[in-house]
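Accompanying notes for the structure given below.
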Amino acid sequence: MYDYLAAHQLNLMMWLCGICGIIAVLLLFSNALTRKRKWILILMELTSMSLLMFDRSAYIYAGNTDTLAYYMVRISNFLVFFLTPMVVLAFNIYISDLLVNEGGVKNLPIRIVTVNYATIIGMVLVAVYHFNGFYYYFDENNYYHRGPGFVFCYAVPVICTIVQYTVVREYKKQFSKAIYQSLVHYIILPIFAGIVQMIMAGISIANMAIAVASVLLYIFTYIDINDKVEKTYTDELAGLIKDNRATKKFFDQLSLAVIGTIDSRDPFTKGRSERVADYSRKIAELSGKDEKECDEIYYCALYHNIGTLNIPESVLQKRGKLTEEELAILNRVSAAGNEILSSVTEDPKLADAAKYAHEKYDGSGIPEGLSGDEIPEVARIIAVADSYVELTSVTRDHNPIPSQIVREEFIKNAGTVYDPEFAGHMVHIMDIETDTGVRKDNTVKNELEKSLNCGKYRDAFTSGIRIRDNKIKITFESERETGVEGFSAPSLILFDSFDRLVHDNAKAIEDYHYLEYGELWFDDHFILTGARAMKKTAEKPSVSSADDKDRYTVTALKYEDHVKIITDSAKGIFEYTIVLPDNSKAFYISITGENCRISRIEATEAEEITGPDDIERIEDVINYADRIESDIPNVQIDRPLSAATVGVRLFDKKAVRFHSMSLPAADLVWHCPYICIFSSEDGLMNGPGYTEFAMIKLNGEYNDEGNAAENRFNMKKTYAFPGWDKWKEKNKRGVEYEVSFAKRGKQIILSSDNLGIVIENITTLPESAGDVYFAITGDQVAITDIRLE
């Protein structure tokens, strides 16, 4: 953090100067403030801008010994010291105006008057001591140094600020909530930043904090007077975005800064509100909302958690289980948010979102237990987005949950916890953005580590390298840890996991569906665990030179359920064949070791595709579709859409019955049969001239990605639905499915009622559609005994 601020502080200063300047110009044309207060605020903004501008100038010219730099360094540093008490003085004048005109105070407190004189004396002393080096001095290289009286120089503004806080605290009831919060921010932020600056010398954190506090002061001022300002400044959300595009961008940045400050009170929620707002906008867009409505929902989501301002940090930052009392405090977030935002009368959805975002669709949520459409639509959208961000983020309770499990969570809880329409949109967004969609490559794009320090056995390992249809070549170097005795060598962990990582505790193994196939070393030693079989199929002497003794090469390729691995090192060249439990499993390699340092790790993928002749088959294919066969051949689908039945011309047959059994490794609700409606020249899915019209998953999902026809999809659950866990169990044991088709002009009506999930989909074919077929496909399922009627 320090290095980042040091590298970019000049840019940050310039950016903050610009914001203060813009605010000053906006204030100049404002009709919403009294003339006196407007000019006081302009003074404060210009003083903050000047303070940062001259502070920046001092950094720029420091160390330069030419004449211009000589004077600029001295003038800039003088003005920085001079303007610091002036900022306090301007703020004191602002407090005085508030006390008189809003607080009704006739005689100003003696403390406020004293601060006026103290700051003026402080400015005079800066001018006096500029010439004798008491506060600061400059060396022969034109660098600024603190003088013996530096602490005394800053004592005046610090003490005065503390005095101001005592006044603000005493007259708290005379100020509105927004004004009081703005005053506290203006006092606390620079003091806190000043403490940090004592530790992180060389960075003007305090001065930048003053500028940020000035910006916040402007924001809270307009929140406080939202019912008095003109139309373009009616409230915090609408005030700045209705003026013009530039003002909207400016407001967006300020909103994110304010919400970011709120989120940062809890280390686990940093950036969370912005993510919730982004996903809420995406859900709104998929729901057909126009741009104005999407913006409105975005800002409602951005501010929906503002009630955490009233929650003590001791509760927000607590690790572990909360007490009943702490839970009661935390559950007041909704009410607090509603109270804060209820004054924004121009858009009551803001308060509704904050109040009802924690309601559940079935009425089991808080604070009022509303259900269904009783919950405001904006709150139902935010509830889905908020849950997604919660589940996929690091929290005090859990690490990010795998996207497959999160996707299943929305499918299973649509209609109970979540609005089914918006939960469906969230699933669609996930299918586009993650690896859970049936049309996505099932890989995780984690960046591979370049080096690894391994002490004890398996105490460090890389993220997994996915082995698929292309040959993968992995290279690295390994050397013994210095001063360590005993066994030292790298090894390879072979596994499958949702998150591409190796796990060794029971909960993580369950959560990430971790399966370890085995481990092998480079000296002809291997351990078989979860694989069906592992066999050394070849061995050759090493061809490595003496210079390559610490160099290791791994070549890996996969075809169906067989994987071939070739290791090449100074210990020899060994070839292994590993057989996976079945063809549905993925295969990853992680590099680990014991008492060694591994470096220069690289993995490259070849272009050629692995075929059946590239790997010696040592075990038969497990065929779960080897059962009774009826009208068309059985099919086993090991991965999403990896196989399908032959196409059946629609309307030659009006219904299909078949037996479906999820594969042993199947454990997600979409591991089930799908019905694809399509056309192609040869009547096969993905054949020449293939055009897809509909893809219906018989768990009640509809995939509209890439379809060439209009579809109206409807799904409902009846009393016969056994619940998703039992539904999966029944599919594991085997289920008889029936799907029927009807024709109405250019429309195809698909109907099914299986295990309490009733589906009706109406596909309107384009005029150009020729012969239309259906085929049965799916994910991790065996389809047998297919009967056409």
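The values are calculated or read from the model by the stated rules, or taken from the named source; none is laboratory data. If you're wondering where the values come from, they're calculated on a predicted model, not measured in any experiment. Note: ideal-geometry Cβ built from the backbone for every residue, glycine included; neighbour counts use all protein chains shown. Heads up: the accessible areas ignore ligands, DNA and RNA and are worked out on the full protein's heavy atoms, side chains in. Shrake-Rupley method; radii C 1.70, N 1.55, O 1.52, S 1.80 Å.
Key figures for this structure:
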{"item": "Number of the condition not met by Phe78 [criteria: (1) aromatic (Phe, Trp, Tyr); (2) open to solvent by 70 Å² or more (accessible area, probe 1.4 Å); (3) in a helix (DSSP H, G or I)]", "result": "(2)"}
{"item": "Candidate set from region 415-460 (those that are over 22 Å from the mean Cα position of the chain (by Cα) and small (Gly, Ala, Ser)); member that is modelled with the lowest pLDDT", "result": "Gly415"}
{"item": "Top-ranked residue of region 609-636 - restricted to ones that are outside any helix (DSSP H, G or I) and among the charged types (D, E, K, R), ranked as farthest from Thr577 (Cα to Cα)", "result": "Asp631"}
{"item": "Failed condition for Ser584, given (1) at pLDDT below 95; (2) open to solvent by less than 20 Å² (accessible area, probe 1.4 Å); (3) of a type in the set (Ser, Thr, Tyr); (4) over 36 Å from the mean Cα position of the chain (by Cα)", "result": "(4)"}
{"item": "Out of Leu27, Leu52, Leu43, Leu68, sole residue that is at pLDDT 85 or above and surrounded by 18 or more Cβ atoms within 10 Å (Cβ to Cβ)", "result": "Leu43"}
{"item": "Identity of the residue in region 587-603, out of contact with any Leu (no Cβ under 9 Å at 6 or more places or on another chain) and within 24 Å of Thr529 (Cβ to Cβ), that ends up least open to solvent (accessible area, probe 1.4 Å)", "result": "Asn595"}
{"item": "Residue in region 533-546 that is in contact with a helix residue (DSSP H, G or I) (Cβ under 8 Å, 6 or more places away or on another chain) and either modelled with pLDDT under 90 or within 22 Å of Ile493 (Cβ to Cβ) (or both) present", "result": "no"}
{"item": "The one condition in (1) open to solvent by 10 Å² or more (accessible area, probe 1.4 Å); (2) in contact (Cβ under 8 Å) with a residue 24 or more places away in the chain; (3) in a loop (DSSP other than H, G, I, E, B) that Asn707 fails to fulfil", "result": "(2)"}
{"item": "Region 711-726, residues that are surrounded by 15 or more Cβ atoms within 10 Å (Cβ to Cβ) and either in a strand (DSSP E or B) or among the aliphatic types (A, V, I, L, M) (or both)", "result": "Asn711, Phe713, Met715, Lys717"}
{"item": "Failed condition for Ala606, given (1) farther than 17 Å from Thr777 by Cβ; (2) exposed (fewer than 13 other Cβ atoms within 10 Å of the Cβ); (3) at pLDDT 90 or above", "result": "(3)"}
{"item": "Tally of residues being closer than 18 Å to Gly683 by Cβ and either at pLDDT 90 or above or aromatic (Phe, Trp, Tyr) (or both) across region 751-770", "result": "2"}
{"item": "Flag for Glu729 being out of contact with any His (no Cβ under 7 Å at 6 or more places or on another chain), open to solvent by 50 Å² or more (accessible area, probe 1.4 Å), of a type outside the set (A, V, I, L, M) and within 18 Å of Phe651 (Cα to Cα)", "result": "no"}
{"item": "Strands (runs of 3 or more DSSP E) (entirely within region 474-561) containing at least 2 residues that are exposed (fewer than 14 other Cβ atoms within 10 Å of the Cβ) and touching a residue at least 12 places away in the same chain (Cβ under 8 Å)", "result": "533-540"}
